[in-house]
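Asks: Handing you this structure, nothing more for now.
The values are calculated or read from the model by the stated rules, or taken from the named source; none is laboratory data. No experiment lies behind these values; they were computed from the predicted model shown. We place every Cβ from the backbone using ideal geometry, glycine too, and count neighbours over all the protein chains shown. Surface accessibility is based on the protein's heavy atoms, side chains included, excluding ligands, DNA and RNA. Shrake-Rupley method; radii C 1.70, N 1.55, O 1.52, S 1.80 Å.
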Amino acid sequence: PMAARDAPPDGALVTSAPVGTRRRFFAWVTKSAMGVIGVGLAVPLIGYAVAPALKRRESSWNEIGPIDQLPAGEPEQLEFVNSVKDGWRTASVKKVVWAIKQPAGTVVVFSPICPHLGCGFRWDSDDKKFKCPCHGSVYDVTGKVLDGPAPRPLDVLPSKVEQGRLWVTYKQYKSGLDRPVEL
Ligand code: FES
């Protein structure tokens, strides 16, 4: 009886079919499980990425520093830590802005993001122009477009000077539009 059970008439061909089927089934189950895990991971990630766009974050004033060291008429790149309240959390991210002290003592602050497609631009102190390396947009010291594909002037950020110190509210604007629209 043992021999009859272990050796079916068609040998390996008959026994291999169910094993292969089972293997494929398990492969399918594993893939499906991975898919479910993948979606499970992706959904919160998508939510995390989209939520800030849907829900306007509350931006606040950031103290940048004293303005007496700023040279008049010459843009300075200033770094600070931006604190943004997002629901219950407060996120702190290092940011950079361009500040230009005006002859009258006020300060104009530009977002560091090129309004064309969002690259970082620099001040060319020899040429006295802001230049974006990505597609060649050029701006004067007031932010006006002089050359290149930029659709609007540099974005001015809300700023104020209190007791000789500069404060800035960091905002981001959509790129590619002919007017500033906040993200
Ligand atoms: Fe600056 Fe295109 S992103 S010119």
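Asks: What FRET efficiency do you get for W28 and C134 if R0 is 41 Å and r is their Cβ-Cβ distance, rounded to the nearest 0.05?
Replies: 0.35
Asks: Here's something else I'd like to know. Pop a pseudo-label 7 angstrom from the Cα along the beta-carbon direction at both E79 and V96 and give the gap in nm to one decimal.
Replies: Distance between the two pseudo-spin positions: 0.9 nm.
Asks: Let me ask something else. For Y173, Y139, what's the largest-to-smallest order of accessible area, 1.4 Å probe?
Replies: Details: Y173 45, Y139 0 Å².
Ranking Y173, Y139 by accessible area, largest first, yields Y173, Y139.
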